[in-house]
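Just below is one structure, and these are the notes that go with it.
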Amino acid sequence: MTPAAQDEHAIRRRVADAGQDHVFRFWNELPEDSRRQFLEQLAEVDFEELGELIAEHVTNRRPIALPPDLEPAPYIALPVTEDDQRRRERARQIGEEILASNKVAAFTVAGGQGTRLGYDGPKGAFTVGPVSGRPLFQIFAESLGAARRAYGVSIPWYIMTSRANDRETRDFFDAHNCFNLARTEIKFFTQGMMPAVDKQGKLILARKDSLAWSPDGHGGSIRALARSGMLADMAARGIEYISYFQVDNPLVPPVDPVFIGFHAEARSDMSSKMARKRDPKEKIGAFCLSHGRLHVIEYSDLPDTLAMARNPDGGLKFPAGSIAIHILSRSFVERLGSGKRFALPFHRAEKKIAYVDEKGNPQTPSQPNGIKFETFVFDALPMAERPVVLEIERQHEFSPVKNATGEDSPDMARRDMIRMAAEWFEQAGVPVPRDAGGEPKFKIEISPLAARNAEELKALIARQGIRGIGGDLYIGPEDV
Ligand code: UTP
């Protein structure tokens with residue numbers, strides 16, 4: 001046998017042993033090129049891992065076992081007393097020193113498929129600036145540019161993409177001259193992919209010569225950081241802290257000295273920001289403690305008896321919602337990413353997955369027809385020592401673009417950006433005209449390159465002599 005034939009033989013064996021040889025249904029029709037690419041795909045599948053996942057999540061599926069004895073997780077609440085204020089100030093100083101000594105990297109997970117938003121392109125290219133039309137990536141880049149200027153250092157920015165959007169993401173940055181950040185400071189890398197299966201646990205064919213692949217979840221970032229060499233790159237640069245955020249939240253501060261300071265002071269492996277849940281059934285995960293370990297329990301898994309439980313003072317017993325902003329210590333990610341088996345568990349997600357039917361005709365299902373396997377970054381929390389949970393004000397830091405309309409939509413994110421800009425103007429002493437409902441009458445937007453907070457805005461306003469707002473207003477870098 002030629003080496004190629006040997007390879008084919010070995011792969012076919014593995015596929016057959018896994019009970020998946022239906023994937024060769026169209027083999028005889030495939031041209032040589034497609035055959036080779038298809039074999040390459042199949043060679044990528046870890047059939048041992050896949051078999052275990054199918055048994056656990058498809059064929060012998062059992063109800064989800066929640067961690068036992070869930071209690072509310074402790075957190076650092078918003079400051080009330082002067083002592084609280086002093087603690088935050090101390091954390092800020094610690095964080096600023098760490099930033100100024102070049103130990104922090106920004107890290108965006110941008111490998112998702114953004115199906116709910118339904119935008120044709122990488123989500124980071126979505127234009128969300130209410131006046132400027134700046135895309136999400138530009139907003140983060142400007143925040144990092146402003147932080148770079150404030151701390152006098154470069155802050156490397158790692159961006160995780162997936163096979164489906166990597167090329168487009170890189171092209172987008174190139175087309176915009178990396179939004180004036182140094183090209184060498186931005187590192188792209190791709191996350192892992194997992195093949196999807198049908199409800200009987202059989203691999204789905206997306207085409208006659210291709211499996212249906214999907215990214216392995218934001219938890220895949222842990223494995224991908226290690227496998228891509230990015231952790232080694234961070235180590236070489238002396239990075240100790242990874243500031244993790246998602247691509248869909250225009251309000252996120254990509255690096256926050258207070259958060260970094262609390263994390264470092266506690267010598268935490270992984271820390272998280274939390275916002276008070278808007279209502280008991282809000283669709284965000286809840287921070288819980290089980291036998292001293294921190295967990296995020298997904299809203300769909302948290303039993304009503306816990307989600308609705310109240311304290312004697314009437315407040316929610318489990319108020320702490322996860323908003324997907326974390327600091328990860330590099331040493332912790334190294335530990336998690338180094339084992340042979342991936343440290344984070346896979347979850348089952350029922351999705352609509354395009355496929356080819358028995359005759360080879362492409363089909364787009366209207367109902368979920370298959371199962372994707374995904375990992376979640378917050379599943380690293382139970383393994384983290386000394387995790388810190390920090391309460392923040394939602395309206396200042398969290399307004400994700402998830403859905404095309406309604407809650408968590410671009411309209412809501414724009415509204416929240418405008419509200420925050422209005423608040424800063426008012427704090428800086430400039431009145432903001434408001435409508436009967438109390439919303440700002442005009443669209444207002446501020447680039448972090450112009451001002452990062454109300455104080456900086458006040459200085460800018462004084463220089464520019466702005467006394468009032470009479471129409472839509474964008475304060476951009478050229479206004480400084
Ligand atoms: P979501 O869970 O909101 O998924 O991702 P999504 O892919 O953006 O959108 P839907 O569910 O298809 O509508 C939250 C964050 O995690 C990233 C996303 O890019 C987003 O920043 N993510 C998600 C990844 O990087 N990889 C994944 O495999 C999944």
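A few comments on the model shown:
- Positive dipole terminus of the range 125-281, leading residue within ILE139, MET194, GLY220 (C-beta point charges): MET194
- Rg to Rh, two decimals, where the range 246-317 supplies the alpha carbon set and Rh follows Kirkwood: 1.01
- Difference of contour (0.36 nm per residue) and Cα-Cα distance, GLU52 to THR127: 22.9 nm
- Treating each Cα of the range 154-260 as an identical point scatterer and summing with the Debye formula, the log10 of I(q)/I(0) at q = 0.11, 0.19 Å⁻¹ comes to -0.45, -1.11.
- All C-alpha to C-alpha distances of the range 168-230, sorted into 5 Å bins beginning at zero, yield P(r) values of 4, 14, 16, 15, 17, 16, 8, 6, 3, 1 percent in whole numbers.
- Farthest positive-ward along the range 71-153 dipole, Cα basis, beta-carbon charges - from LEU78, ILE98, TYR119: TYR119
- Neighbour-count ranking [beta-carbon atoms within 10 angstrom, fewest first] of SER243, SER228, SER221, SER322: SER228, SER322, SER243, SER221
- Here is the P(r) of the range 312-433: all C-alpha pair distances, binned every 5 Å from 0, give 2, 8, 10, 11, 13, 14, 14, 12, 7, 5, 3, 1, 1, 0 in whole percents.
- C-alpha center-to-center spacing [the range 1-71, the range 274-349] in angstrom: 32
- Averaging the sequence gap over all C-alpha pairs within less than 8 Å and six or more residues apart, then dividing by the number of residues, gives the range 309-405 a relative contact order of 20 percent.
- Cα-centre dipole for the chain with unit charges at Cβ (Lys and Arg positive, Asp and Glu negative), debye to 20: 80
- Label-to-label distance, GLN427 versus HIS176, with points set 7 angstrom from Cα along the beta-carbon direction: 2.5 nm.
- Under the Debye formula (equal points on every Cα, no solvent term), log10 I(q)/I(0) of the range 418-480 at q = 0.15, 0.18 Å⁻¹: -0.38, -0.55
- Taking other C-beta atoms within 10 angstrom as a stand-in for reagent exposure, TRP27, TRP157 fall in the order TRP27, TRP157, fewest first.
- Förster-model FRET efficiency, 41 Å R0, SER154 and MET308, C-beta, rounded to 0.05: 0.30
- Treating each Cα of the range 1-120 as one equal point scatterer and applying the Debye formula with no solvent, the log10 of I(q)/I(0) at q = 0.10, 0.19, 0.23 Å⁻¹ comes out as -0.73, -1.14, -1.23.
- For the chain, averaging the sequence separation of C-alpha pairs within contact (under 8 Å, six or more residues apart) and dividing by the residue count gives a relative contact order of 19 percent.
- Computed from the alpha carbon positions, the gyration tensor of the range 290-364 leads to an equivalent ellipsoid with semi-axes of 35, 25, 11 Å, biggest first.
- Value of Rg/Rh across the chain [Cα atoms, Kirkwood radius]: 0.99
- The range 195-256, relative contact order in percent, only Cα pairs under 8 angstrom and at least six apart counted: 16
Bear in mind these aren't lab numbers, they're just calculated from the coordinates by the rules spelled out. Just so it is clear, the model here is predicted, and its values are computed rather than measured. Here Cβ is always computed from backbone atoms with ideal geometry, including for glycine, and neighbour counts include all displayed protein chains.
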